[in-house]
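Here is the structure we will look at.
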Amino acid sequence: MNPVAWEKEPLTVEQVLKSRMVSYPLTVRDCCLVTDGGGAIILTSAARAKTLRKKPVYVLGVGEALGHSTISNMPKLTLTAAAESGPKAFKMAGIKPSDIDMLSLYDAFTITPILFLEDLGFCPKGEGGRFVSDGSIAPGGKLAVNTSGGGLSYCHPGMYGLLVLIEAVRQVRGECGQRQVKDCEISLAHGNGGVLSSQCTVLFGSDATL
């Protein structure tokens, strides 16, 4: 539903499975796009933000964690450092996963949003596949995830993290048109760096959350 997304056509499970294999079991449709693009975030004080033209969105909490250097040193391929960065951000903000209205997750591959949903506490560990397969994160589902289309459908210029933040801010501002999440007061942006190495979780809120 993002009018500027690179991919807007429906995509079936069968089409994904029949696509060219990149690295088993991931096909080309399991991997993020390679496109041009860019973005910027302006961070200022809450007092200054209230004087500007745009509706302010506030940083409620932030958490960072580093798990490993190379993926061959990753202790568990199904457990990321998001399990550390998420709780740090939630503790700083004084909220919990059930308070989140929208998630913007770095989706370099189809597997990463599933890992992050588990590690950030939105479903039990090992249940991510079942959680997403029933339409829970599809438009109209119980949890709004990657409403921009993400790196898999919207764009991926090589460094997608800023665009994760931008969509989370836009949703709290109510700027997303057809894809707008109703009554979005708190959003979560989660970025991933290296080879699932570094993880950063940021929680954004509206005036009503202060």
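The values are calculated or read from the model by the stated rules, or taken from the named source; none is laboratory data. Computed from a prediction, not measured in an experiment: that's the story for all the values here. All Cβ positions, glycine included, derive from the backbone under ideal geometry; neighbour counts span all protein chains shown.
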Identify, from the list 12, 78, the residue that is surrounded by 13 or more Cβ atoms within 10 Å (Cβ to Cβ), out of contact with any Ser or Thr (no Cβ under 8 Å at 6 or more places or on another chain), of a type in the set (Ser, Thr, Tyr) and within 22 Å of residue 129 (Cα to Cα). 78
List pairs: first residue in region 195-210 and among the hydrophobic types (A, V, I, L, M, F, W, C), second residue assigned to a strand (DSSP E or B) anywhere in the structure, Cβ distance under 6 angstrom, at least six positions apart or on different chains. 200/64; 200/191; 202/62; 202/189; 203/60; 203/61; 203/188; 204/187
Regarding residue 108, is this residue aliphatic (A, V, I, L, M) and in contact (Cβ under 8 Å) with a residue 40 or more places away in the chain? yes
Restricting to region 81-110, give me the number of residues that are closer than 12 Å to residue 203 by Cα, among the small types (Gly, Ala, Ser) and part of a helix (DSSP H, G or I). 4
Could you please tell me which pairs satisfy a Cβ distance under 8 Å, a separation of 6+ or placement on different chains, a first residue in region 137-151 that is among the charged types (D, E, K, R), and a second residue that is in a loop (DSSP other than H, G, I, E, B)? 142/136
Selected residue [within 17 Å of residue 166 (Cβ to Cβ), in contact with a strand residue (DSSP E or B) (Cβ under 9 Å, 6 or more places away or on another chain) and not in a loop (DSSP other than H, G, I, E, B)] from 16, 59, 22: 59
Quickly run through region 40-61 and pick out the residues that are under 21 Å from residue 4 (Cβ atoms) and either at pLDDT 95 or above or hydrophobic (A, V, I, L, M, F, W, C) (or both). 40, 41, 42, 57
By residue number, the members of region 160-188 that are small (Gly, Ala, Ser) and either farther than 21 Å from residue 40 by Cβ or surrounded by fewer than 22 Cβ atoms within 10 Å (Cβ to Cβ) (or both) are 161, 174, 177
Regarding residue 113, is this residue closer than 23 Å to residue 201 by Cβ and of a type outside the set (A, V, I, L, M, F, W, C)? yes
Residue under evaluation residue 148, criteria (1) at pLDDT 95 or above; (2) part of a loop (DSSP other than H, G, I, E, B); (3) in contact with a Ser or Thr (Cβ under 8 Å, 6 or more places away or on another chain); (4) over 20 Å from residue 4 (Cβ atoms), criterion not met: (4)
Restricting to region 119-137, count the residues that are of a type in the set (Asp, Glu) and part of a loop (DSSP other than H, G, I, E, B). 2
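Rundown of residues vs (1) over 22 Å from residue 27 (Cβ atoms); (2) in contact with a strand residue (DSSP E or B) (Cβ under 9 Å, 6 or more places away or on another chain); (3) surrounded by fewer than 18 Cβ atoms within 10 Å (Cβ to Cβ), yes/no style:
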| site | (1), (2), (3) |
| --- | --- |
| 106 | no, yes, no |
| 144 | yes, yes, no |
| 158 | no, no, yes |
| 206 | yes, yes, no |
Region 144-168, residues that are more than 12 Å from the chain's Cα centre (by Cα) and either among the hydrophobic types (A, V, I, L, M, F, W, C) or within 16 Å of residue 116 (Cα to Cα) (or both): 155, 159
May I ask you to list pairs of residues, at least six apart or on different chains, whose Cβ atoms are under 9 Å apart, with the first in region 177-190 being without any contact (Cβ under 8 Å) to a residue 60 or more places away in the chain and the second being surrounded by 22 or more Cβ atoms within 10 Å (Cβ to Cβ) and assigned to a loop (DSSP other than H, G, I, E, B)? 180/147
